[in-house]
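Okay, structure first, notes after.
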Amino acid sequence: MALGDLMVSRFSQSSVSLASNHRYDEEDDDCVSSTAHGDSSVPSRRKDSEATTSNIYGNGTEERDATATATSMAYLPQTIVLREVRHNASEASAPLGTSDGIALAPKWRLKERMKTGCVALVLCLNITVDPPDVIKISPCARIEAWIDPFSMAPPKALEAIGKNLSTQYERWQPRARYKVQLDPTLDEVRKLCLTCRKYAKTERVLFHYNGHGVPKPTANGEIWVFNKHYTQYIPLPISELDSWLKTPSIYVFDCSAARMILNAFAELHDWGSSGSSGSSRDCILLAACDVHETLPQSVEFPADVFTACLTTPIKMALKWFCRRSLLKEIIDESLIDMIPGRQNDRKTLLGELNWIFTAVTDTIAWNVLPHELFQRLFRQDLLVASLFRNFLLAERIMRSANCNPISHPMLPPTHQHHMWDAWDMAAEICLSRLPQLVRDPNTEFEPSPFFTDQLTAFEVWLDHGSELKKPPEQLPIVLQVQPKSLYFFPFLLCVCDRERERERQTDILNPHFSHSFE
């Protein structure tokens, strides 16, 4: 039985009182499908549906009971109402004109999307020359963008690293324009930023700075680049960088003492010492470590461990976990580079790992962040959402090396969230199957029990939840089980609110809400 079908069966057998005020059946599915293909029969179906609805909400008790008996789908509970603070906005909705009449647009629905149109990658590596304020251990972390810069000539290594980093970002936003500057001068960075802003127009620009080959940022808010002959380090004030890129923008600073840069932005835009998100400018920052911290130098990490977490989270997470798991004795770590499958194919090992990782990080963010901040960071911009999911991993991994990644807007600590245990278990199961899958590509792929286990946990909550307990943490995971489970999103949220808001009066669920989750 498919997981989506399992949910249907579970809801159909539930002891919760049922009402026929809203339902999804095969006719509704056909209507949605016809709308997508421009079927002219949709209006007539809609009128029939409205006629049926009027009978249901009227005094036609017999017709309502007959409809309830005939259908084989689960109904929404009659006493359930969306009355949590984040749902109240749906009652104050603005009318939108449609071809069939007036529809309500809830205020919590995102009014506009944001897209990252251009990505500027600035790499200041200066391979073979260490910056004067860094004392490196031996052996020391050397890998940059999963390439050993000392395995080839420095110019070729620098070019390969830049190309590889660009490719890694393209997986998250393939339609953006990517521009790379390798060991640039101040004038080259200025031209790069102005070009990116000109191309992106009102879209977001991402500026990624790798400062592993230059000194740490200064207390005055300056990062370093090179002069034309690579004989001097040239300071680049954050105020100038901000004036070139303007807004909206997102910055990634992978260097030691990266919090210095965030502090400079905070002073520039008057964010305050708390790093709150009250600024009118749409400016997002991700910094690798705190003011007095140096990037990890252990050989168990790549030199750009922060970037690796942001751009290749599955690979970085598995390598980090494998070294701490009992499987390290039986699994060659090099096999992680050969995981079969594609990230967008859930029926392969790599695709399932990516699916589980997305579900876990989405769930952590959904449970710990304020609703408005969650919508802004995880639902507005595809690239920003991917980076912040992966930032949760960066916090977990880098804290194990005594580094504390910082972001603006500031996020609460998530590195000890219990959902990471679920990810570790899923990763361990997948790693245990990896040797066989690599040896024999024809081996049948066995899906992980992760999603089935989470559905079971949700079922336990349905049976034993109460208003005194927290809402189920598995909601974001349940919604990723199968597309048809989206139809039950209103039902799931209603169950939560019923347990906490029993005293509220009965209300009709907003019919547009079923398509709000993205």
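Within segment 230-257, count every residue that is open to solvent by 20 Å² or more (accessible area, probe 1.4 Å) and outside any loop (DSSP other than H, G, I, E, B).
Qualifying residue count for the region: 8.
Tell me, which strands (runs of 3 or more DSSP E) wholly within segment 153-229 include 2 or more residues that are more than 15 Å from I250 (Cα to Cα), β-branched (V, I, T) and modelled with pLDDT of 95 or more?
222-226
Among M410, M419, M338, M425, which is the only one that is touching a Gly at 6+ places or on another chain (Cβ under 7 Å) and farther than 16 Å from W172 by Cβ?
Only one candidate passes the filter, namely M410.
In this structure, does E428 turn out to be among the charged types (D, E, K, R), open to solvent by less than 30 Å² (accessible area, probe 1.4 Å) and not in a loop (DSSP other than H, G, I, E, B)?
Here the answer is no, as E428 does not meet what is asked.
Please go through segment 131-152 and give me each residue that is open to solvent by 30 Å² or more (accessible area, probe 1.4 Å), at pLDDT 90 or above and among the charged types (D, E, K, R), ordered by number.
R142, D148
Scan (1) of a type in the set (A, V, I, L, M, F, W, C); (2) modelled with pLDDT of 90 or more; (3) touching a helix residue (DSSP H, G or I) at 6+ places or on another chain (Cβ under 9 Å) for the single condition V299 breaks and write down its number.
(3)
From the list I356, I364, pick out the single residue that is at pLDDT 90 or above, in contact with a helix residue (DSSP H, G or I) (Cβ under 6 Å, 6 or more places away or on another chain), of a type in the set (A, V, I, L, M, F, W, C) and within 21 Å of S432 (Cβ to Cβ).
I356
If you check every pair at least six apart or on different chains, which have Cβ atoms under 8 Å apart with a residue in segment 417-446 that is free of Cβ contacts under 8 Å to residues at least 60 places away in the same chain first and a residue that is open to solvent by 20 Å² or more (accessible area, probe 1.4 Å) and outside any helix (DSSP H, G or I) second?
Here the result reads M419/E473; I429/P449; Q436/T443, each pair linking segment 417-446 to a residue that is open to solvent by 20 Å² or more (accessible area, probe 1.4 Å) and outside any helix (DSSP H, G or I).
Taking only pairs six or more apart or across chains, which ones have beta-carbon atoms under 9 Å, a first residue in segment 234-259 that is closer than 24 Å to R142 by Cβ, and a second residue that is open to solvent by 10 Å² or more (accessible area, probe 1.4 Å) and among the hydroxyl-bearing types (S, T, Y)?
S256/T294; A257/T294
The values are calculated or read from the model by the stated rules, or taken from the named source; none is laboratory data. Note that the coordinates shown come from a computational prediction; the quantities given were computed from them, not determined experimentally. Every residue, glycine as well, gets a Cβ built from its backbone with ideal geometry; the counts of neighbours run over all protein chains shown. Ligands, DNA and RNA are stripped out before the accessible areas are found, and what is left, the full protein with its side chains, is counted by its heavy atoms. Shrake-Rupley method; radii C 1.70, N 1.55, O 1.52, S 1.80 Å.
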